[in-house]
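Chemist: Sending over a structure as structure tokens; questions will come in a sec.
Derivation of every value follows stated rules applied to the coordinates shown; laboratory data play no part. Note that this is a predicted model, so its numbers are computed, not measured. For neighbour counting, all protein chains shown are included, and Cβ atoms are generated from backbone atoms with ideal geometry for every residue, glycine included.
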Amino acid sequence: MPAHMLQEISGSYSTSTTITAPPSGSLQNEREKQKTVPQYLEEDIRPEMKEDIYDPSYQDEEGPPPKLQYVWRNIILMALLHLAALYGITLIPSCKLYTCLFAIMSYYFSGLGITAGAHRLWSHRTYKARLPLRLFLILANTMAFQNDVYEWSRDHRAHHKFTETHADPHNSRRGFFFSHVGWLLVRKHPAVKEKGGKLDMSDLKADKLVMFQRRYYLPGLLLMCFILPTLVPWYYWGETFVNSLYVCAFLRYAVVLNSTWLVNSAAHLYGYRPYNKDIEPRENILVSLGAVGEGFHNYHHTFPYDYSTSEYGWYVNFTTFFIDCMAALGLAYDRKKVSKAAVLARIKRTGDGSHKSS
């Protein structure tokens with residue numbers, strides 16, 4: 001691709017919003033301001049959106065945690081899915097090339113439904129999308145089958161606002177397994193229901209496409225997640241029904257699930273904290289590879305309003321590349337981006353010293 005086209009796609013657009021560093025002035029005045037203005041609010045440029053901003057004032061109540069209540073239906077279904085996925089791995093050598101390519105394409109398609117859709121567009125409102133892109137993302141999100149956009153966004157906003165507390169749906173302080181998948185196998189902690197139920201979700205309630213998906217989610221997910229991925233290879237290029245079902249449906253779905261879960265588990269436990277050493281989320285390149293760009297987690301929790309979730313643009317971040325391409329086509333706009341000056345200011349103030357600029 002010519003260099004001028006790459007610059008056109010990845011460069012700044014008139015519809016982008018940038019967070020700049022605080023204006024120059026007395027360093028003493030700036031330090032005094034930091035004492036009185038909460039750190040988690042001072043760089044936010046979305047006055048209409050505060051439900052995903054970390055609230056350090058919330059603390060867990062003292063006392064033993066409530067007894068775990070297992071959801072046996074989820075435990076059994078999750079076990080069966082992963083057994084089917086393991087069987088699917090053994091079938092890969094017997095699959096046709098088109099089937100493998102289709103499974104990979106389905107992986108990225110459904111992954112974007114989470115990363116570019118439920119996460120960056122609907123949960124954090126880091127950019128805006130026109131109707132064709134919104135339709136694409138809602139279909140991709142339905143194929144991903146990780147709850148509808150409304151429920152996913154509500155849990156994710158609670159995760160950011162009350163991270164590493166009992167009000168965090170996948171609190172990593174309860175261990176790797178819990179934050180990875182265990183939180184889906186037990187009843188939610190009462191604090192998750194209480195605090196999550198009080199979040200302002202009026203923006204998504206007013207979104208007709210999100211509410212339509214929520215209303216018809218069960219038939220939609222059956223069609224998008226299991227039926228179509230099985231029928232397309234079987235019908236169009238004569239793949240066996242078993243290969244189509246176990247590789248393109250079960251295996252692809254299990255890989256997307258675990259790639260997403262690693263953001264909740266590994267990216268909260270392993271890696272560096274160059275932007276904010278006072279929170280648990282970390283930078284994990286391996287997670288970013290699997291989760292198509294969502295492994296720059298310390299940055300993301302420090303600047304949840306940045307559409308790229310990273311300061312490095314397209315580097316190990318397919319989702320940012322996708323959004324920028326959509327912007328070049330006029331389908332994405334008003335992308336929020338933190339300026340280099342603001343990032344460097346935060347690194348100096350709260351980083352752990354691992355950043356190359358430190």
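Chemist: Give me the one-decimal nm value for the distance between modelled label points at residue 77 and residue 50, 7 Å along each residue's Cα-to-Cβ direction.
Modeler: Placing both labels 7 Å beyond Cα along the Cβ direction yields 3.7 nm.
Chemist: Just tell me, in residue order, which DSSP H segments of the chain are both 24 angstrom or longer along the helix axis (alpha-carbon based) and at least -1.0 in mean Kyte-Doolittle hydropathy.
Modeler: For the chain, where a helix must reach 24 Å along its axis and average at least -1.0, the hits are 72-91.
Chemist: Could you list 53, 138, 279 so that the one with the fewest beta carbons within 10 Å of its beta carbon is first and the one with the most is last?
Modeler: Lowest count first: 53, 279, 138.
Chemist: Choose one answer from 196, 113, 175: the residue with the largest mean-square fluctuation in a GNM of the chain with alpha-carbon springs under 10 Å.
Modeler: Sorting by GNM fluctuation, first place goes to 175.
Chemist: Counting each DSSP H run of 4 or more residues in the chain as -39500 (n - 2.57), what helix-only mean residue ellipticity at 222 nm follows after dividing by all residues, to the nearest 500 deg cm²/dmol?
Modeler: Using -39500 (n - 2.57) per qualifying helix, the result is -14000 deg cm²/dmol.
Chemist: Still on this structure, I have one more. Would you mind calculating the gained length between residue 212 and residue 344 on full extension (0.36 nm times residue separation, minus the Cα-Cα distance), in nm to one decimal?
Modeler: My answer for the length gained is 43.3 nm.
Chemist: Amide H of residue 186 versus every other amide H placed in the peptide plane: which residues, excluding those fewer than 5 positions away on the same chain, fall under 5 Å?
Modeler: 71
Chemist: How long is the gain from residue 101 to residue 329 if the chain were fully straight, where each residue apart is worth 0.36 nm and the alpha carbon distance is subtracted?
Modeler: That works out to 79.5 nm of additional length.
Chemist: Taking every DSSP beta bridge that has both residues in the chain, what percent is antiparallel when rounded to the nearest 5?
Modeler: Around 60 percent of the beta bridges assigned by DSSP in the chain are antiparallel ones.
Chemist: Right, another one. Would you work out the relative contact order for the chain, in percent, from Cα pairs under 8 angstrom that are 6 or more residues apart?
Modeler: 25
Chemist: Give me 248, 95, 100, 325 ranked fewest to most by other Cβ atoms within 10 Å of their Cβ, as a rough exposure proxy.
Modeler: By the 10 Å Cβ count, ascending, the order reads 325, 100, 95, 248.
Chemist: Within a 10 angstrom radius of the beta carbon, how do 257, 209, 139 rank from fewest other beta carbons to most?
Modeler: 209, 139, 257
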